[in-house]
Amino acid sequence: MDFEGKFDHLKTIILGQNAQGKTNILEAINILATAQSDRAEKDSDLVFWNKEHALIFSTIKAKDSDLEIALQINPGGRRKLKINDVSKKSPQADLLGNFFAVMFSCDDLYLIKGSPSTRRNWLDSVIFQLDSKYHKTMQDYQKTITQKNALLKSARETGLSQKALKEQLEIWNEQIINSGSEIINIRLNFIQEIKPIAKNFQDNISRHTENLDLIYKSTVPNKSEALEPRLREIFKKVLNESFEEELARGQSVIGPHRDDLIFLINEKEARSFASQGQQRSIVLAIKLAELKIIENRKNEIPVLLLDDVFAELDESRQDFLLHNLPENIQTFLTTTHISNIQKEFLKGAQILEIKNGQVVGADQCVSPKENAECKV
């Protein structure tokens, strides 16, 4: 889609039917903050069919200075990034830390009931914004896992002796232990940081009837949620013990790429025992905690991106969200119908109507009384 707009309101509502391009705007903003898409696995999925590349160009009024960020996404090659007209050598890493955002979409309900990879991806995307070095560590780790998997697959095909295979695996395993231990440590520290904040929000949403807990479930056993002093030693032991399984499966089965995050409500796993309403409350609490951590760590209020979530939140949860947002937070919200949104939120909002990837109308709601008839 081609879109050019000026977002100078604290609240921007993007209105339109499904598949018109509303989410594309939010996704572009989120990529500037996290360097990755929540929906697309490959960069080629971000480029419109039959186009050479996608371009995100933005002027951001940051706390200390204004930034111009130009990101070119190429379907078959390396990204290109310029910040204030200066080309950057590492587009992924250099994009991080300039701008902060929290994305909350209806798909985030799968944070509770989805696959472990969904929870790992969320965990990593938040930490990427907080710690740019973590992104490099993760890249190094993923490259090593890919190389190890290639070795395991080729060993099955070529009949490489176990002795020779173990000698080669030892090289990759040492690198996996180094970067993997650091990843686990950073994840554990983040969970310890977000847990009490999310727990407090959950207490208030449920009126102190539901106790939220977060447990990091690792393939490298540790005795507590603090980093085990002998983690590297344990990591090596578990990798050696998994040799036969990894050889049979042709892939690595031990490490943070296989770990999970467990949500508990009143000491029961939310994925199995929580109602849909409780799961919505947990995700809401987690997202509000995510906002709070970024604000605390970076001393800057992130942009909030709400992708059609009001259709999934009942009035009480909408009200809780609105009354627990930081003051002066810039918020973007997509919706198919204005009626899904509380009148209080509409006050002073810029409203854009999107159709076939183009803005076909714009308006501004001024007062609660006028909100009910607000049209584009």
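Computed from the coordinates by the stated procedures, all read-outs in this text should not be read as laboratory data. What you see is a predicted model; the values in this text were computed from it and never measured. Cβ sites come from the backbone with ideal geometry, for glycine too, and all protein chains shown count toward neighbours.
List of remarks:
- As a length-normalised measure over Cα pairs under 8 Å and 6 or more apart, the relative contact order of the chain settles at 25 percent.
- Cα Rg, Dmax (largest Cα-Cα span) when computed across segment 281-352, Å: 12.3, 36
- When restricted to Cα atoms, segment 119-163 yields an Rg and a Dmax of 15.5, 45 Å, respectively.
- Ordered by the number of other Cβ atoms lying within 10 Å of each residue's own Cβ, fewest first, S218, S316, S242 fall into the sequence S316, S242, S218.
- Based on C-alpha pairs under 8 angstrom that are at least 6 apart in sequence, segment 107-300 has a relative contact order of 31 percent.
- Here r is the Cβ-Cβ distance between D85 and R232 and R0 is 45 Å; the resulting FRET efficiency, rounded to 0.05, is 0.55.
- Rg and Dmax of segment 107-300, based on Cα coordinates, read 18.7, 62 Å.
- Fewest-first ranking of H9, H337, H257, using other Cβ atoms within 10 Å as the exposure measure: H337, H9, H257
- Using a Förster distance of 22 Å, the FRET efficiency for K51-V360 (Cβ separation, nearest 0.05): 0.50
- Ranked T334, T137, criterion: other C-beta atoms within 10 Å, fewest first: T137, T334
- Links that overshoot a 26 Å alpha carbon limit, given the list K148/K236; K148/K287; K63/K287; K143/K217: K148/K287
- 3J(HN,Hα) along segment 103-112: 9, 10, 10, 4, 5, 5, 4, 6, 4, 8 Hz, from the Karplus curve 6.51 cos²θ - 1.76 cosθ + 1.60 with θ = phi - 60°, whole Hz, x for Gly and Pro.
- For the pair E68 and H9, label points projected 7 Å from Cα toward Cβ lie 2.7 nm apart.
- For segment 252-314: rounded, prolate or oblate by the Cα gyration tensor [a/c cutoff 1.5]: oblate
- The separation of segment 87-112 from segment 255-297, counted between C-alpha centres, amounts to 18 Å.
- Spherically averaged projected area of the convex hull of Cα atoms, the chain: 20.8 nm².
- Simple spin-label estimate for E244 and D213 in nanometres, 7 Å along Cα-Cβ: 3.5 nm
- Here the gap between K298 and S275, fully extended at 0.36 nm per residue and compared with their Cα-Cα distance, gives a gain of 4.8 nm.
- Magnitude of the charge dipole, the chain, Cβ model with Lys/Arg +1 and Asp/Glu -1, debye to 20: 720 debye
- Angle between the chain longest axis and helix 132-158 axis [Cα atoms, degrees, rounded to 10]: 50 degrees
- Rounded FRET efficiency, nearest 0.05, which uses the C-beta distance separating N178 from C106 and R0 of 35 Å: 0.35
- Calculated mean residue ellipticity at 222 nm for the chain: -14500 deg cm²/dmol, from DSSP H runs with n ≥ 4 weighted as -39500 (n - 2.57), summed, divided by the residue count and rounded to 500.
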